[in-house]
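Structure record follows, encoded as C-alpha cells.
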Amino acid sequence: MNNGTDWTRGLKLAALVAFLSAPALAQAPTPEPVTDQETELGKAMYDQLRGKAEIVESSPLYDSLKPIADSISRVSQSRYPHPFKFYIVHEAQPNAFATPGGNVYVVDSLMYFVKNTEQLAGTLCHEVSHTIHRDSVTLMKKRKEIEARELGAAVLLGPTKAELLAIFFLGHLHSLGYSRDAESKADVTGSDICAEAGYNPWGLVWLFRDFQSSDMKQLPQLLSDHPANNTRVQTLEKHFKDNPGTFSKYSSDPSSATPFSVPKDAPVVFLRGAAPKTDAAKPAK
C-alpha cells in the first residue's frame with residue numbers, strides 16, 4: 001500500500017518537474033481597450049482575425065519578434081497616442097500590415113522569408129509609420145461608397161460600422177491600394193525610425209529586392225504599388241544621401257547585415273473564440 005502511494009507521489013512529482021521545466025511559449029500582447037474610433041476599428045479587426053483563427057496566441061516566434069518590436073516602439077511611441085502592439089498571424093504569403101489603434105500584424109511566413117534582422121526591422125518600421133500617418137483610416141474614409149451602399153444593409157445584418165469596415169479592410173489586405181505617396185512616406189518615416197532604433201535602414205531596400213526576385217504569384221500588401229518599387233528604392237536612396245548625418249554610418253551592402261532565423265516548424269497555439277488549437281507554423285516555400 002505504501003509502495004503504491006510512493007509510486008503515485010513519484011509520478012505526480014515527475015509530472016510537476018516536467019511541467020515546470022518545459023519551455024513556456026511567448027505570448028501575444030493583450031488588446032488595447034476601446035477608447036476612441038481608432039481603437040474601436042482596431043478591436044473590430046482583431047476580432048475578425050481571431051474569429052478566423054489566424055492570430056498566434058503563443059509561440060517561440062514571439063521571442064524573435066519582441067526585441068525588435070520593443071526597440072522600434074521605444075523610439076516611435078511618442079508619435080502615436082496608443083501603444084503599439086505586435087501580433088503574429090498565420091498566412092501562406094509573407095506579409096505585414098497595420099490597423100488603426102496601434103496593432104501591427106506580422107505574418108509568420110514573413111519571419112521565415114526575411115534573411116536578416118534589418119529586413120524585418122524595416123518592415124515593422126514601415127508598418128508603424130502607416131499607423132503614425134493614419135493611412136488605413138484615411139483609406140477607409142475614402143471608400144465612402146462602401147459606407148453609403150453597405151452600412152445601410154448592416155442595420156439588418158447586425159454588425160456595427162466598425163465591424164463592417166474591419167471586414168472590408170481585412171478582405172482587401174493584398175490590394176489595399178495605398179497611394180504611392182503614402183507608401184513612400186511610410187518608407188521614409190520608417191527609415192528614420194529604424195535609424196533611431198539602431199537598425200540599418202537599408203534593410204527595407206534589401207527586402208524590396210528580395211521580393212522582386214522571388215517567385216510569388218501574389219504580392220504582399222507591403223508591395224501594393226508594385227511595379228513602382230524601384231521608385232520607392234530611389235526615394236529611400238535619395239533620403240539617405242540627403243541626410244548623411246543620420247545614414248552615412250550604415251552600409252548598403254547586404255553582407256553587413258545581421259542574419260535572422262527562427263526555429264523551423266516552431267510550435268504555435270492559435271487564439272480562438274473557444275478552445276485554442278495547437279499547430280505548427282510552416283516556412284514559406
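Since every read-out is calculated from the coordinates, none of them should be taken as a lab result. Every value quoted in this text rests on a predicted model; they were computed, and no experiment measured them. With ideal geometry, Cβ positions are generated from the backbone for all residues, glycine too; neighbour counts draw on all protein chains shown.
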Amide H of Asn116 versus every other amide H placed in the peptide plane: which residues, excluding those fewer than 5 positions away on the same chain, fall under 5 Å? Phe260
Please list 3J(HN,Hα) in residue order for the stretch 243-257, calculated via the Karplus relation 6.51 cos²θ - 1.76 cosθ + 1.60 where θ = phi - 60°; whole Hz, with x for glycine and proline. 10, x, x, 9, 10, 5, 7, 9, 7, 8, 7, x, 5, 8, 6
Treat each spin label as a single point 7 Å out from the Cα along the C-beta direction, and report the Arg134 to Asp242 distance in nm. 2.5
So if each residue of separation counts as 0.36 nm, and I subtract the Cα-Cα distance between Glu196 and Ser213, what length gain in nm does that give? 3.2 nm
On full extension of the chain, what length is gained from Asp63 through Thr35, given 0.36 nm per residue of separation minus the C-alpha to C-alpha distance? 7.2 nm
Which of the pairs Lys52/Lys264; Lys66/Lys115; Lys66/Lys264; Lys115/Lys241; Lys66/Lys241; Lys85/Lys115 have their Cα atoms more than 20 Å apart in this structure? Lys52/Lys264; Lys115/Lys241; Lys66/Lys241; Lys85/Lys115
